[in-house]
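Structure record follows, encoded as structure tokens.
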Amino acid sequence: MKIQLRSSRKYLDMKFELSFTDKEITPWDGAYGVDVILESFITGIWCEAKRFLHTEITRADRALGEIFGWERTPAQDAYKPIVRRTIFGVFR
């Protein structure tokens with residue numbers, strides 16, 4: 001299915017093509033392993049994270065990345081889908 005969208009302004013004539021896929025799409029192209037995501041999430045909690053945003057502390061701390069051997073530390077958005085599927089799925 002292809003949809004073309006055009007702006008109503010003449011000087012902003014932009015064309016977009018939308019398509020659908022069953023493949024999982026992430027902003028990082030699956031660059032983080034599940035082990036890295038879980039370790040960094042638990043480390044964020046260990047560092048007193050009370051909200052997803054507070055887990056960003058692990059991204060800012062390069063020493064934690066070195067200790068755990070993470071090339072890159074996931075952002076808060078990497079945890080949300082996992083928590084939704086696991087924790088919230090259990091209580092439904």
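The values are calculated or read from the model by the stated rules, or taken from the named source; none is laboratory data. Quick caveat: nothing in here was measured; it's all calculated off a predicted structure. Positions of Cβ are backbone-derived with ideal geometry, glycine not excepted, and every protein chain shown enters the neighbour counts. We work out accessible area using only protein heavy atoms, side chains counted, and drop any ligands, DNA or RNA first. Shrake-Rupley method; radii C 1.70, N 1.55, O 1.52, S 1.80 Å.
How do the pairs read when you match residues in region 46-58 that are among the charged types (D, E, K, R) with residues anywhere that are part of a helix (DSSP H, G or I) and open to solvent by 50 Å² or more (accessible area, probe 1.4 Å), using Cβ under 9 Å and keeping only pairs 6 or more apart or on different chains?
Cβ pairs passing all conditions: Glu48/His54; Glu48/Ile57.
Starting from region 76-90, keep only residues that are assigned to a helix (DSSP H, G or I) and modelled with pLDDT of 80 or more, then list their pairs with residues that are open to solvent by less than 80 Å² (accessible area, probe 1.4 Å) and among the acidic types (Asp, Glu) whose Cβ atoms are within a distance under 7 Å, requiring at least 6 positions of separation or different chains.
Close Cβ pairs (under 7 Å, with a partner that is open to solvent by less than 80 Å² (accessible area, probe 1.4 Å) and among the acidic types (Asp, Glu)) amount to Gln76/Glu56.
Restricted to region 32-52, and to residues that are touching a helix residue (DSSP H, G or I) at 6+ places or on another chain (Cβ under 6 Å) and aliphatic (A, V, I, L, M), which residue is farthest from Arg84 (Cα to Cα)?
Filtering first and then ranking leaves Ala49.
With respect to Ile67, is the statement that it is open to solvent by 80 Å² or more (accessible area, probe 1.4 Å), part of a helix (DSSP H, G or I) and touching a residue at least 12 places away in the same chain (Cβ under 8 Å) true? Show your work before the answer.
Details: open to solvent by 80 Å² or more (accessible area, probe 1.4 Å): yes; part of a helix (DSSP H, G or I): yes; touching a residue at least 12 places away in the same chain (Cβ under 8 Å): no.
Spelling it out, it is not the case that Ile67 is open to solvent by 80 Å² or more (accessible area, probe 1.4 Å), part of a helix (DSSP H, G or I) and touching a residue at least 12 places away in the same chain (Cβ under 8 Å).
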